[in-house]
Amino acid sequence: MTAVSMAKTRAMDRSERCRRAAWPRTLALGLAAAVIAAVFACGPFPILAAGDATAQAARKGAEPAVAADEEADGQPLRVVIRFLTESDYPPFNFFDEDGQLTGLNIDLARAICVDAGVACDIKERPWDELLLALKRGEADAVIAGHMVTAKALKSVDFSTPYLHTPGRFAVRRDTEKREITPGELEGQRIAVIRGSAHEAYLKAFFRGSRIEVHPSSDSAREALASGKIDYVFDDGISLSFWLNGTLSRECCEFRGGPFLESRYFGDGIAVALPKGDAKLKEVVDKALSRLRESGRLDELVGRHFPHRIY
């Protein structure tokens, strides 16, 4: 081997060692700080090939979702998760009085990033653009209250659900306490929204009750508050805000439940992910699992919902 080739080999070995030492620091320092540290320690990196995805992203002015280095399994080392959400769906995602994007989904996205040891980039777009942007590669994940449905699964993948939308019964506080079962509610007047999954559930399992169909949630809830019916059966999330709001006049409370049959009430709310990105799904699912086991997920939900929805 000539002196020139030996020098090239040593330079390449040195560059590779420096890159492998520098990139993991991004978990604590962030991408920019790690690159600066590596440049000062090792000198400038080799110019990336024209076909390199990171180089292409840099030329387009986009934030690369992964570093140029690789983990031991040959997969790119992720240093940031680019989340998209929307801004008009409180308490999930909305602008507060100071103009800051906040809500359960925002807090949860940040918690996922902290647990996974990556940076977090959260931007907002209109609801109708979210999944389209994800499919175009303009984001790594969408966290905006999307339900897991068969239709959506044709174009995107989902994380494990982080929230379910149970059916719940609401009743006036002074109403006689009963077990919330088909037998105990036989003959009771129950308001439900026309055409809803909750109407279908009542007609399947509470056939002995007097089911009164209403055109809207407002109509059904006002009938309960004024004593015209005995119970309302509706979405637990929206009911929790009504119970805690001024329109209810503090009349009512949850009884029984929650009712979580997926056939009627879906498979829950989850993070939407690019189709086929198993590595990213694993990162997000593991983070959600640890947040759930530690109690952190329940803490975040409790922070944004005035009544326990489960």
From the list 215, 258, which one is under 29 Å from the mean Cα position of the chain (by Cα) and of a type outside the set (D, E, K, R)? 258
Confirm whether residue 144 is at pLDDT 95 or above and either charged (D, E, K, R) or under 19 Å from residue 274 (Cα atoms) (or both). yes
Residue 281 passes all but one of (1) touching a strand residue (DSSP E or B) at 6+ places or on another chain (Cβ under 7 Å); (2) surrounded by 20 or more Cβ atoms within 10 Å (Cβ to Cβ); (3) assigned to a helix (DSSP H, G or I); which number fails? (2)
From the residues in region 138-156 that are under 17 Å from residue 125 (Cβ atoms) and of a type outside the set (Gly, Ala, Ser), which one is surrounded by the most Cβ atoms within 10 Å (Cβ to Cβ)? 143
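State yes or no: is residue 149 at negative phi, of a type outside the set (Asp, Glu) and in the same structural domain as residue 221 (by TED's automatic domain parsing)?
No: the conditions fail for residue 149.
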Looking at residue 239, is it crowded, with 20+ Cβ neighbours inside 10 Å and at pLDDT 95 or above? no
Give me the pairs, please: first residue somewhere in region 214-233 and among the charged types (D, E, K, R), second residue anywhere and in a loop (DSSP other than H, G, I, E, B) and at pLDDT 95 or above, beta-carbon distance under 8 Å, and either six or more positions apart or on two chains. 230/188
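Yes/no per residue for (1) under 22 Å from residue 131 (Cα atoms); (2) assigned by TED's automatic domain parsing to the domain that holds residue 201; (3) of a type outside the set (Ser, Thr, Tyr):
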{"position": "244", "(1), (2), (3)": "no, yes, yes"}
{"position": "248", "(1), (2), (3)": "no, yes, no"}
{"position": "255", "(1), (2), (3)": "no, yes, yes"}
{"position": "260", "(1), (2), (3)": "no, yes, yes"}
{"position": "282", "(1), (2), (3)": "yes, no, yes"}
{"position": "292", "(1), (2), (3)": "no, no, yes"}
Answer yes or no as to whether residue 263 is in a helix (DSSP H, G or I) and closer than 20 Å to residue 165 by Cα. yes
Can you go through 298, 218, 230, 234 and tell me which one is in contact with a strand residue (DSSP E or B) (Cβ under 9 Å, 6 or more places away or on another chain), closer than 24 Å to residue 164 by Cα and either surrounded by fewer than 14 Cβ atoms within 10 Å (Cβ to Cβ) or not assigned by TED's automatic domain parsing to the domain that holds residue 151 (or both)? 234
Tell me yes or no: at least one residue of region 269-276 is surrounded by 15 or more Cβ atoms within 10 Å (Cβ to Cβ) and either modelled with pLDDT under 95 or under 30 Å from residue 204 (Cα atoms) (or both). yes
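Please go through region 185-203 and pick out each residue that is exposed (fewer than 15 other Cβ atoms within 10 Å of the Cβ), within 21 Å of residue 265 (Cβ to Cβ) and more than 31 Å from the chain's Cα centre (by Cα).
Within region 185-203, just 203 meets the criteria.
The values are calculated or read from the model by the stated rules, or taken from the named source; none is laboratory data. Just so we're clear, the structure is a prediction, and the values are computed from it rather than from any experiment. Please note: Cβ atoms are built from the backbone with ideal geometry, for glycine as well, and neighbour counts cover all protein chains shown.
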